[in-house]
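Asker: Right, I'll just put the structure down here and ask away after.
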Amino acid sequence: MLMTAQLDKILDAERQAQATIQVIPFELGAHAAQDSNFVLLEFEEGSNLPPVVFVEGLIGGQLLERKSDITRYREAVEYLRDSALSPRESVQRVNKLREKYASE
């Protein structure tokens, strides 16, 4: 099943320390990024690459580089982290969801 394979990919990335999983449960309601899809890209020190935000819209995307924009999106990321389950609880949640889809 497709959903099981997708969840396996997420769990594999977490096991290989390529990703940290943090789930925001639906029961928490609205969250800081509910109306926006974005990725905050920050690079290693010494790379000389400034942070950027990629914001995905309905008909295209936009790169934001202004310091004030980066600050605002960093705050949104922190709020999302604070709202989410811990990484350990998130992995448990994803595993349960995977088991559910695998048994269907």
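Laboratory data are not the source of any read-out in this text; all were calculated from the coordinates shown. The shown structure was predicted, so the numbers you read here are calculated from the model rather than taken from an experiment.
Asker: Over the chain, what number does the Rg to Rh ratio reach, with both radii from the alpha-carbon atoms and Rh per Kirkwood?
Answerer: 1.02
Asker: Still on this structure: Cut-off under 12 Å on the C-alpha distance; same-chain residues fewer than 8 positions from Lys9 excluded. Which aspartates and glutamates are left, in chain and number order?
Answerer: Partners found: none.
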